[in-house]
Amino acid sequence: MSSKKALVTLPGNASIDDILECLERDGGCIVKNMLKQETIDGLWADLADVLDVAPNGDGSFVGRKTRRISGLFSRSLHMQDLITQPQLYGAAEKHLCKPFKYWLDGAQHVSIPALQMSLTQAIMIMPGEGAQPLHRDDIAHHRRHPGPDSQIQVLYALSEYTEANGATRVIPGSHKWDDDRAPTYEESVPAEMNVGDGLIYLGSTYHSGGKNTTVDKPRTAIATTLVLGYLRQEENQYIAVPRERVREFPERVQRLLGWSTNPPFCGWIEMRDPNYLVAPDAALNTTAEDIL
């Protein structure tokens, strides 16, 4: 009998606390029906033609039989539903956004960091692809383990997600490991999902794309990440998403794309919150504001 621990699959009405319990214990979990069918249909309508002609990667990490397209907020307005999904956002906010205290002008203040969107990518693992190397996503920010988490990811299934067609492999509990312990493929389990389900996991959890042993069944997912607002975004959103496109999203999404300051004052332009620059007819204002 296998001693490997399977990932927990939660119902679509799972509470944020239910998700956090799994994240803190296992480093990840599957949540059923995170996306509405109209969102799934809209994403396929916007992305299918691009995925059809996307080239395969040129290395074992990106996959020699894997198609990837990024900058998805520039390609589909439906992406806003993925990054503001209540269970994802609520779990990330509660787990990551811890208050800290500082002194200013003789008074002690409390600041709570914001979240921002770090990357988006549609990933299609084609038949015959091998397994991706196991890795932690938070190595982008040189995180040390174990330690406070800096980001939470989700992989939304846009196709059936089976062990045979390359379902993401996860090592439950690996978020608690130090940096000297090496992961092995034998310790991983497949995150099998139906279309619209989501795999939520910590940046400190070891995972990888699985091998696709089918002959005709690609595995497609959309990956996105919420990261603390004072860290650099993994994908450069200011280049990936033109300002004209940013203006099409509501202010909440604009701020998640990075057009915002992170409390107390990280990310300003001319000592002002940069969100005004994506307002209609915005012009650079060089008057400094007291943004603390």
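The values are calculated or read from the model by the stated rules, or taken from the named source; none is laboratory data. Since the structure is predicted, the reported quantities are computational estimates derived from the model, not experimental observations. In this analysis, Cβ positions are derived from the backbone assuming ideal geometry, glycine residues included, and neighbour counts consider all displayed protein chains.
Is it the case that some residue within the stretch 220-229 is over 16 Å from the mean Cα position of the chain (by Cα), surrounded by 15 or more Cβ atoms within 10 Å (Cβ to Cβ) and over 18 Å from Phe61 (Cα atoms)?
Step one: of the stretch 220-229, the residues over 16 Å from the mean Cα position of the chain (by Cα) are none.
Scanning the stretch 220-229 turns up no residue that is over 16 Å from the mean Cα position of the chain (by Cα), surrounded by 15 or more Cβ atoms within 10 Å (Cβ to Cβ) and over 18 Å from Phe61 (Cα atoms).
Let's see how each residue does on (1) under 16 Å from the mean Cα position of the chain (by Cα); (2) without any contact (Cβ under 8 Å) to a residue 40 or more places away in the chain; (3) within 30 Å of Gly128 (Cβ to Cβ); (4) surrounded by 18 or more Cβ atoms within 10 Å (Cβ to Cβ):
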position	(1), (2), (3), (4)
Leu7	no, no, yes, yes
Lys36	no, no, no, no
Gly59	no, yes, yes, no
Arg67	no, no, yes, yes
Ile83	yes, no, no, yes
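Looking at Met79, Met126, can you tell me which residue is closer than 30 Å to Asp49 by Cβ and in contact with a helix residue (DSSP H, G or I) (Cβ under 8 Å, 6 or more places away or on another chain)? Lay out the reasoning, then the answer.
Numbers: Met126 fails: in contact with a helix residue (DSSP H, G or I) (Cβ under 8 Å, 6 or more places away or on another chain).
Every option except Met79 fails the conditions.
Starting from residues that are of a type in the set (A, V, I, L, M) and in a loop (DSSP other than H, G, I, E, B), keep the ones in the stretch 136-170 and report whichever is surrounded by the fewest Cβ atoms within 10 Å (Cβ to Cβ). Spell out the reasoning first.
Residues of the stretch 136-170 that are of a type in the set (A, V, I, L, M), as a first pass: 139-140, 152, 154-155, 157-158, 164, 167, 170.
Those left that are additionally in a loop (DSSP other than H, G, I, E, B): 158, 164, 167.
Numbers: Leu158: 23, Ala164: 16, Ala167: 25.
Residue satisfying both the conditions and the ranking: Ala164.
Filtering the stretch 171-216 down to residues that are in a loop (DSSP other than H, G, I, E, B) and basic (Lys, Arg), which residue is surrounded by the fewest Cβ atoms within 10 Å (Cβ to Cβ)?
Arg181
Within the stretch 46-57, identify whether any single residue is polar (S, T, N, Q), outside any strand (DSSP E or B) and within 24 Å of Asn212 (Cβ to Cβ), and answer yes or no. Write out each step before concluding.
Pass one, the stretch 46-57, residues polar (S, T, N, Q): 56.
After this cut, where a residue has to be outside any strand (DSSP E or B) as well, the list is none.
No, the stretch 46-57 contains no residue that is polar (S, T, N, Q), outside any strand (DSSP E or B) and within 24 Å of Asn212 (Cβ to Cβ).
Among the numbered criteria (1) of a type in the set (Lys, Arg); (2) touching a strand residue (DSSP E or B) at 6+ places or on another chain (Cβ under 9 Å); (3) in a helix (DSSP H, G or I), which single criterion is violated by Arg67?
Unmet for Arg67, out of (1) of a type in the set (Lys, Arg); (2) touching a strand residue (DSSP E or B) at 6+ places or on another chain (Cβ under 9 Å); (3) in a helix (DSSP H, G or I): (3).
Is it the case that the stretch 129-143 has a residue that's among the small types (Gly, Ala, Ser), more than 20 Å from Ile83 (Cα to Cα) and free of Cβ contacts under 8 Å to residues at least 40 places away in the same chain?
Within the stretch 129-143, none of the residues are among the small types (Gly, Ala, Ser), more than 20 Å from Ile83 (Cα to Cα) and free of Cβ contacts under 8 Å to residues at least 40 places away in the same chain.
Any chance the stretch 89-97 includes a residue that's out of contact with any Leu (no Cβ under 8 Å at 6 or more places or on another chain) and at positive phi?
Of all residues in the stretch 89-97, those out of contact with any Leu (no Cβ under 8 Å at 6 or more places or on another chain) come to 90.
Those left that are additionally at positive phi: none.
No, every residue in the stretch 89-97 fails to be out of contact with any Leu (no Cβ under 8 Å at 6 or more places or on another chain) and at positive phi.
Does Ala92 satisfy the criteria of being touching a Pro at 6+ places or on another chain (Cβ under 7 Å), of a type outside the set (D, E, K, R) and either closer than 30 Å to Gly173 by Cβ or buried (at least 17 other Cβ atoms within 10 Å of the Cβ) (or both)? Give the derivation first.
Values: touching a Pro at 6+ places or on another chain (Cβ under 7 Å): no; of a type outside the set (D, E, K, R): yes; either closer than 30 Å to Gly173 by Cβ or buried (at least 17 other Cβ atoms within 10 Å of the Cβ) (or both): yes.
So Ala92 fails the test.
All but one of (1) touching a residue at least 60 places away in the same chain (Cβ under 8 Å); (2) over 19 Å from Val170 (Cβ atoms); (3) touching an Asp or Glu at 6+ places or on another chain (Cβ under 9 Å) hold for Gly229, so report the exception by its number.
(3)
Restricting attention to the stretch 9-42, which residues are farther than 24 Å from Gly203 by Cβ, assigned to a helix (DSSP H, G or I) and either of a type outside the set (S, T, N, Q) or touching a helix residue (DSSP H, G or I) at 6+ places or on another chain (Cβ under 7 Å) (or both)?
Matches in the stretch 9-42: Glu38, Thr39, Ile40, Asp41, Gly42.
Does Lys98 satisfy being at pLDDT 95 or above, over 30 Å from Val215 (Cβ atoms) and in a loop (DSSP other than H, G, I, E, B)? Break it down stepwise before answering.
Details: at pLDDT 95 or above: yes; over 30 Å from Val215 (Cβ atoms): yes; in a loop (DSSP other than H, G, I, E, B): yes.
Spelling it out, Lys98 is indeed at pLDDT 95 or above, over 30 Å from Val215 (Cβ atoms) and in a loop (DSSP other than H, G, I, E, B).
Which of the residues spanning the stretch 177-195 are of a type in the set (A, V, I, L, M) and under 21 Å from the mean Cα position of the chain (by Cα)? It would help to see each step written out before you state the result.
Narrowing the stretch 177-195 to residues of a type in the set (A, V, I, L, M): 182, 189, 191, 193, 195.
Result: Val189, Ala191, Met193, Val195.
With the requirement that a residue be small (Gly, Ala, Ser), part of a strand (DSSP E or B) and surrounded by 13 or more Cβ atoms within 10 Å (Cβ to Cβ), what does the stretch 102-135 give you? Don't jump to the end; show me each part of the working.
Initially, the stretch 102-135 is screened for residues small (Gly, Ala, Ser), giving 106-107, 111, 114, 118, 122, 128, 130-131.
Filter once more, keeping what is part of a strand (DSSP E or B): 107, 111, 118, 122.
Scanning the stretch 102-135 gives Ser111, Ser118, Ala122.
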